[in-house]
Amino acid sequence: MRLKQTYSSREVAAMTGLTARQLQIWDASGLLAATIPPHRTPAGGYTEPPYTPLELFELLVLADLRRRGLSIPQLHTIVDALKHQFGARLFEATGGGGSVRLLTDGRDVYVRTSGGAFYNLLKSPTQPLLVIGDEGLLKEL
């Protein structure tokens, strides 16, 4: 599959299983907004916001987390904690070569830093966890 430079909202909706309305709501709420703004058409309307491949990847991850039962506020918490606490994007934390990795045990979402520290992003993203025992129960997102 060859990556395009941008994807339309319709293409993103088809690939992620999200609706166009969900994309609009997520964009308006700041969960994940397209970095390329829509532009005005000659008829006076606006184009759909185009999404980059990186944003498409992040939307696929968010859609998967949503299907696993995480709420929209929990998704906001994850994205905000990654950005503000760890200076990372969702893409970087899920395979994009960043300094943190997202992990899950099926209920909660954790981040592991390159230094080995663990944080529970849904309960206390600023408080490191003491991990004792088998870390193998955690799966990478």
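Results, tabulated for the structure shown:
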read-out: Cβ pairs under 8 Å, 6+ apart, first in the stretch 79-100 and farther than 16 Å from ALA63 by Cα and open to solvent by 30 Å² or more (accessible area, probe 1.4 Å), second in a helix (DSSP H, G or I) and small (Gly, Ala, Ser); value: PHE86/ALA93
read-out: Top-ranked residue in the stretch 4-16 [being assigned to a loop (DSSP other than H, G, I, E, B) and open to solvent by less than 60 Å² (accessible area, probe 1.4 Å); ranked as nearest to PRO49 (Cα to Cα)]; value: SER8
read-out: Matching entry among LEU122, LEU103, LEU75, LEU70 (being within 29 Å of GLN5 (Cβ to Cβ) and within 15 Å of the chain's Cα centre (by Cα)); value: LEU75
read-out: Residue match in the stretch 1-10 (condition: more than 27 Å from LYS123 (Cα to Cα) and within 14 Å of the chain's Cα centre (by Cα)); value: no
read-out: Subset of the stretch 101-130 that is open to solvent by 70 Å² or more (accessible area, probe 1.4 Å) and part of a loop (DSSP other than H, G, I, E, B) - its residue that is nearest to SER71 (Cα to Cα); value: ARG107
read-out: Filter pass, PRO37 being at pLDDT below 90, over 17 Å from the mean Cα position of the chain (by Cα) and closer than 24 Å to ILE78 by Cβ; value: no
read-out: Selected residue (criterion: nearest to LEU54 (Cα to Cα)) from residues of the stretch 76-100 that are part of a helix (DSSP H, G or I) and of a type in the set (A, V, I, L, M); value: LEU90
read-out: Meets criteria (hydrophobic (A, V, I, L, M, F, W, C), under 24 Å from ARG21 (Cβ atoms) and in contact (Cβ under 8 Å) with a residue 60 or more places away in the chain) for VAL61; value: yes
read-out: Residues being in a loop (DSSP other than H, G, I, E, B) and either open to solvent by 40 Å² or more (accessible area, probe 1.4 Å) or farther than 26 Å from ASN120 by Cβ (or both) - total across the stretch 48-70; value: 6
read-out: Members of the stretch 17-47 found to be among the charged types (D, E, K, R) and either open to solvent by 70 Å² or more (accessible area, probe 1.4 Å) or touching a Gly at 6+ places or on another chain (Cβ under 8 Å) (or both), listed by number; value: ARG21, ARG40
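The values are calculated or read from the model by the stated rules, or taken from the named source; none is laboratory data. Given the structure is predicted, the values throughout are model-derived calculations rather than measurements. Don't worry about glycine lacking a Cβ; one is built from the backbone with ideal geometry, like all the others, and counts go over all protein chains shown. The area values use the complete protein model at the heavy-atom level, side chains included, leaving out ligands, DNA and RNA. Shrake-Rupley method; radii C 1.70, N 1.55, O 1.52, S 1.80 Å.
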